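First comes the structure, then the notes that go with it.
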Amino acid sequence: MVRDVGATPGRIALMVLAMAAGVCALATMLSSYTILAREVPRNYLATNPPSAMLRFDAITPELVARVRRFPGIREAQAGTTVGATLRTSAGQTMALTIFVVDDFRAMSINTVFPEAGARVPPDGALLLERDALKLIAASIGDSVSTRSADGSLHILSIAGTVHDPALPPATRGSTVYAYASPATVMQMGLNGKLRTLKVTVRERALDAQAVEATVARLATWLREQGTRAERISVPPPGEHPHARIMNSILLMLLAFSAIALLLSAVLGATVLGAMLAQQRRQIGVMKAIGASGAQLARLYLGLVAAIAIAATVLGMAGGIAAGRAFAAVVLMQILNFGMASDAISHLVYLALACAGILLPLALAAIPIRQATRATVQAAMGDFGSARQYYSASGRWLEALPFVSRSLLMALRNSLRRRARLALTLALLSLAGAMTISSLNVRKAAQQHLLEAALERHYDLETILAKPASPEQVAYILQALPAVARVEAWPRTLAAKARSDGLEIERVYPDGDHGTLGVLAVPPDTRMLALPLLEGRWLRSDETLAVVLNNTAALNFFPGAKVGADIDVSSHGHTARLRVVGIARQYMSPATLFVNDAALSALTGQSGQSSAYRIITRAHDAGALDAAAAAIETAMSSAGLPVRMTITETMMRKDVDGHFDLMIAALLFISGVMGVAGAFGLASAMGSSVAERSREFGIMRSIGASTGVVLRNVLSEGVFVGFLSLPLAIALTLPLSAAIGAFLGNLLFGLPFPFVLSQKAVLLWSILVLGGAMAASIYPAWRAARLSIHQTLSHL
């Protein structure tokens, strides 16, 4: 057995590499899943996220003390959030969100962790979230220019940085997060009153219904005491906003990597079967002189075990390193977390060892059993290249034009070992389907974003620091040469009405995920065109009608249909709205589209808006940036500073960043499958060359040149790669649709459109044919070096 291994080291090495590639894929996703499943909750829970957040007109120390004494409440902490704008040294204006903390030393809920500089911000200074320094190209000790809602300009210093794991990385958006004392906020002319009360519950803190019941009792008791909460948010207990999405995507990737391992193990067993087929006469000789089938089986299983152990060690080393790197990118660049430990559980090592060693042994046992159970007569009478192998294989190839007899023999030979060919084709075609599907989904996400942009018939959305009269804003902006049209789109946040009169939302602590927005649509607007799934659009003469946007809003009102009524609460007001339509809207949170009258009924106010949508005269990226700058200057000069301007480029950057890593993971697994398929093809070609040794000898004896032999073997390998192309494309169609539907529904409540990327098909065609050529070069070179004496000695 050792001599056999030494005689074919290349084939053995390729078997090891093919099986190691499958182990590597599984190790990568399993180790990253293990790290992320541990580190994401650890990071998030380390901040002690609030069980609920209650918003009041003002919070006094006495109110905080009363809440702390309420039965079921563990801790209470007051704070607030205010908004302003910040101008960078490059002249760029960004939204500035300031978290106001009364006592940094006593923070116990939503805690932040000091990174550099001051631990407590002095008056007139800010602590920035750690990634904000990169975003604004500043350093600790620098000063920044801020503008408040009243238009006043203030210079504040950067005293230090903190890490807030509850926030996304600042570099992934356009908002600067900062922390300051109430005195600093009051110096800026902003309302420094503490208005948000964060609480944690004492019992069953991870039970959503128990938390909501405790908070409802607290809010009812406070209302009876004369203190009414304007809004109540109860986020999913202990759950990061991206946890469910992340786990679902990781499980999908883990399933694909397990398929890669299975196919590579099956391919290894198939190659072993080819080796056994070449050694059937030797097996017959050993059985003739007394060897038992069990002894021979143990011998070959030992060889497989050695190959599997080497492949597992090699694949685990590379896969776990890749898994740690992948987890680090997700934690630090996507979630703004740290990694306390990249340790991998011993169970993961055990699972990988079992999968990498026991699976190949179990699959290899099938051809080993067949070979070692053959009788001496059957084994000794096996001469390998029997006529039946050729007579029924690939008769259709004879109809191909411009194919020489020697080339036709090579192509027919590729069909001779059908099981081995099927496994090689399965790996190559599945790798191709994964690669093409990954690029298809990437293009589908871009198409999804484009369709979302086409629904918005405007170029910019400007958010003011404080509401203003639409007439005044339109008068200022329409005087600008770059602006063609301005419309006010007032909005508010709402909650599903409850019988106890409380407004309880399911909003995460970041204040973004899980919101239910209400948007007042201007009469006869042309800036929004949503396709209707049911019903009709709003009419200008209606007062309490509503259109829901697809699945997102329907999650708040399950079972809502056209003609039904829904009860909505906001700002202490409740309105019953009649559903007149359900619209499809891409990449948007839950939104209720209403008329001005309905929004006024919910807010108790009318005639002002802080959100304005603008159509510009030029629509390219440079023109939009120039228009945004002109708008900010004009509004600031009028005492109405802009808090944020949202462009299509900003939205695309935010969405693309999430997809890039996911697509990279899909491409990694498909690449591993492709590598395993290439190694498997090379090993299969090595077996084919060994099986065809006599054939090559006969060809050489009747005058075939070295070039003919080379072309013969290379053609066989390229033909196998070519056969995998239509299979890959056929698999791509359902796989792309399934992945697109899964990710689209998971992320946005709507499946991605099916897109077939011609560039992806062309790219994979080049890769697979080039890879097949590369995998066949070494076996072809070995075949060309065989002498006539060597080949005919196999007789």
> How about Lys287: which aspartates and glutamates have a C-alpha closer than 20 Å to its C-alpha, ignoring those fewer than 8 places off in the same chain?
Replying inline: Asp4, Asp382
> Relative contact order of the chain: what whole-number percent is it, with Cα pairs under 8 angstrom and at least 6 residues apart?
Replying inline: 18 percent
> Whole number please: convex hull volume per residue of the Cα set in the range 442-500, in Å³?
Replying inline: 179 Å³
> In bins 5 Å wide, starting from 0, what share of all Cα pairs of the range 1-134 does each bin hold, as a percent?
Replying inline: 2, 7, 10, 12, 12, 10, 9, 7, 5, 5, 4, 4, 4, 3, 3, 2, 1, 0
>> I want to check the label-to-label distance for Arg578 and Leu251. Put each point 7 Å from Cα in the C-beta direction and report it in nm to one decimal.
In response: 4.3 nm
> Across every pair of different alpha-carbon atoms, what Kirkwood hydrodynamic radius in Å does the chain reach?
Replying inline: 30.8 Å
> Can you tell which of Thr214, Leu251, Gly284 lies farthest toward the positive end of the dipole of the range 209-284, using +1 and -1 charges on the Cβ of basic and acidic side chains (Lys, Arg; Asp, Glu)?
Replying inline: Gly284
> Tell me, what HN-Hα J-couplings in whole Hz come from the Karplus equation 6.51 cos²θ - 1.76 cosθ + 1.60 at θ = phi - 60° for each residue of the range 732-741, using x for Gly and Pro?
Replying inline: 4, 4, x, 5, 4, 5, 5, 5, x, 5
> Which distance in Å, rounded to a whole number, links the C-alpha centroids of the range 438-479 and the range 173-211?
Replying inline: 29 Å
> With labels modelled as points extended 7 Å from the Cα through the Cβ direction, what inter-label distance (nm, one decimal) is found for Phe754 paired with Glu471?
Replying inline: 5.5 nm
>> How would the range 478-627 be classified by its alpha-carbon gyration tensor: rounded, prolate or oblate, with rounded meaning a/c under 1.5 and the a/b versus b/c comparison settling the rest?
In response: prolate
> Rounded to the nearest 5, what % of the DSSP beta bridges within the range 467-605 are antiparallel ones?
Replying inline: 60 percent
> How big is the Rg/Rh ratio for the range 599-644, C-alpha atoms only, Rh by Kirkwood, two decimals?
Replying inline: 1.11
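Hey, what number do you get for the chain at 222 nm if only DSSP H runs of n ≥ 4 count, each worth -39500 (n - 2.57), divided across all residues, to the nearest 500?
Helix contribution divided over all residues of the chain: -17500 deg cm²/dmol.
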> For the range 664-673, what does the Karplus curve 6.51 cos²θ - 1.76 cosθ + 1.60, with θ = phi - 60°, yield as ³J(HN,Hα) per residue in whole Hz, taken in order and with x for Gly and Pro?
Replying inline: 4, 5, 4, 5, 4, 5, 5, x, 4, 4
> Given a 1.4 Å probe and every protein chain left where it sits, what share in percent of the accessible area of the range 116-220 is carbon and sulfur?
Replying inline: 51 percent
> Local charge sum around Ala210 (other residues, Cβ-Cβ under 12 Å, Lys/Arg +1, Asp/Glu -1)?
Replying inline: 0
>> Once the cut-off is 24 Å, how many percent of the Cα-Cα pairs in the range 171-291 end up in the long-distance tail?
In response: 68 percent
> Excluding ligands, DNA and RNA, what is the solvent-accessible area per residue of the chain at a probe of 1.4 Å, expressed in Å²?
Replying inline: 42 Å²
>> Which residue, Thr80, Val64, Gly124, has the largest displacement toward the positive end of the dipole of the range 29-187 when charges sit on each Cβ (Lys, Arg +1; Asp, Glu -1)?
In response: Val64
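How long are the three semi-axes of the equivalent ellipsoid of the range 53-205, in whole Å, if each is the root of 5 times an eigenvalue of the C-alpha gyration tensor, listed from largest down? Mind dumping the intermediate values first?
Details: eigenvalues 163, 57, 33 Å².
Sorted largest first and rounded, they come to 29, 17, 13 Å.
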>> For Leu592, what residues show an amide H to amide H distance below 5 Å, using hydrogens built from the backbone and excluding near sequence neighbours?
In response: Gly517, Val518, Leu519
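The values are calculated or read from the model by the stated rules, or taken from the named source; none is laboratory data. Not measured: the values here are computed from a predicted model. Neighbour counts run over all protein chains shown; Cβ positions are idealised from the backbone, glycine included. Please note that ligands, DNA and RNA were not included when accessible areas were found on the heavy atoms of the full protein model with its side chains. Shrake-Rupley method; radii C 1.70, N 1.55, O 1.52, S 1.80 Å.
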